[in-house]
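Laboratory data are not the source of any read-out in this text; all were calculated from the coordinates shown. If you're wondering where the values come from, they're calculated on a predicted model, not measured in any experiment. Ideal geometry is used to build each Cβ from the backbone, glycine not excepted, and the neighbour counts take in all protein chains shown.
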Amino acid sequence: MMGSNPSLLDLGWCAYFEEQLQKTESVSFSVGRIIEQHRSHLLVASEKGTVKVSPSSLMDSVCVGDWVLFDDGHQLRRLLTRQSLFSRKAPGSKVGMQLIAANIDTLLIVSSLNDDFNLNRIERFLSLAKEAKVEPVVILTKADLCLDEAKKRKEVQSLDPFLSVHSINALDKAHLSELSSYCQTGKTVAFMGSSGVGKSTLMNGLLGAEIMQTAGIREDDSKGRHTTTFRTMKWLEKGGLLMDTPGMRELQLSDCEQGISETFSEIAALAEQCRFSDCQHAQEPDCAIQKAIQNESLSLRRFENYQKLMREQAFNGATLAQKREKDKAFGKMISRVQTQSRIFKKGE
């Protein structure tokens with residue numbers, strides 16, 4: 001692990017962020033990057049060391065990986081524009097967006113080769129990465145415990161011939177060396193996946209120390225237990241920053257049409273070959289997608305997951321848009337009430 005006072009370049013600083021600074025800000029404030037996010041505070045790494053930043057009006061609009069300006073009183077003053085952002089619809093029935101991570105260079109999608117292996121879930125994470133314009137890499141863990149590892153790896157590779165896929169045993173140093181090319185100085189990689197897939201074990205292996213807490217899986221269903229309870233970022237002595245996030249059993253997409261289209265690009269290409277431009281790809285004649293399913297050049301599973309994700313992101317996007325309209329209308333009402341109140345007081 002590098003020293004307590006890494007340089008800004010070590011933390012991922014580049015010209016994109018430098019150009020956002022005003023001359024007065026460089027003198028008045030300190031620059032730092034959020035490396036941990038808790039409910040009550042943030043930990044921000046800077047050239048002055050790691051500082052605990054108190055809550056402010058910006059707390060709800062920042063996340064791990066963000067570059068921020070803070071004053072001598074350790075109060076957030078400004079959030080710098082992000083290069084990339086991962087977000088999702090808030091879990092459950094709550095209407096809203098949840099920020100996950102910012103300014104990521106590579107997303108390591110971790111999936112176990114046990115009973116938790118799920119192509120649909122991997123496609124969901126790939127869509128998220130494509131929407132954020134971040135390079136996705138799939139890491140298949142527990143390879144030493146899987147009897148059909150080669151078959152499952154081939155299934156993942158079939159999702160995209162250009163996708164980087166690694167099948168590893170996270171406890172084997174030789175396997176971990178495959179990932180060293182992603183861990184370069186100033187580059188940030190984020191781990192995402194369900195609970196129990198081995199993210200914390202993998203992170204400990206790359207860090208060379210038992211820093212992240214680990215836990216086994218339930219033997220009855222191969223489901224994992226949550227070990228990471230908050231988002232955190234660590235850096236390696238050889239370069240690179242590693243971000244871990246709590247395991248996500250639910251990852252609902254919103255406003256992710258472009259990311260899904262890129263993940264399922266062959267389906268979009270097939271749709272252009274249909275006889276009708278408004279083809280629903282069901283019972284219409286000369287439907288290129290249905291022909292591809294029949295001749296097995298396109299799997300029915302993949303097409304159904306594509307349709308599911310498209311419907312989901314459209315519904316969640318519409319729901320969030322409605323909420324924003326309601327919030328906007330409520331804000332205008334409050335403003336009118338306050339204005340009328342001031343007028344009434346002046347007339348007294």
HN-Hα J in Hz across the range 174-180 - Karplus 6.51, -1.76, 1.60, θ = phi - 60°, x for Gly and Pro: 5, 5, 5, 5, 4, 8, 5
With 27 Å as the limit, write out which pairs from K133/K291; K48/K130; K130/K154 have Cα-Cα distances beyond it, or answer none. K133/K291; K48/K130
Once label points are set 7 Å from the Cα along Cα→Cβ at both K48 and D72, what is their separation, rounded to one decimal in nm? 0.9 nm
So who's got an amide H within less than 5 Å of the one on L85, skipping anything under 5 residues away but keeping other chains? H placed 1.01 Å off N, in plane. N103
Under a 5 Å amide H to amide H cut-off, with H placed in plane at 1.01 Å, what residues pair with S112 once short-range neighbours are removed? T141
If you bin every alpha carbon distance in the range 15-79 into 5 Å steps from zero, what whole percent lands in each bin? 4, 18, 35, 25, 15, 4, 0
The exposure ranking of L236, L113, L108, L145, fewest beta-carbon neighbours within 10 Å first, is L145, L236, L113, L108
Once the mean of 1/r over all distinct C-alpha pairs in the range 1-117 is inverted, the Kirkwood radius in Å reads 15.6 Å
If you count, for each residue, the other Cβ atoms within 10 Å and average over each peptide, how do 182-190, 47-55, 196-204, 304-312 line up from highest to lowest? 196-204, 182-190, 304-312, 47-55
For Q184 and S28, what is the calculated FRET efficiency with R₀ set at 35 Å and r taken between the beta-carbons, to the nearest 0.05? 0.60
Would you mind listing how long the range 60-206 runs along its three principal axes, going by Cα atoms, in whole Å with the largest first? 55, 37, 27
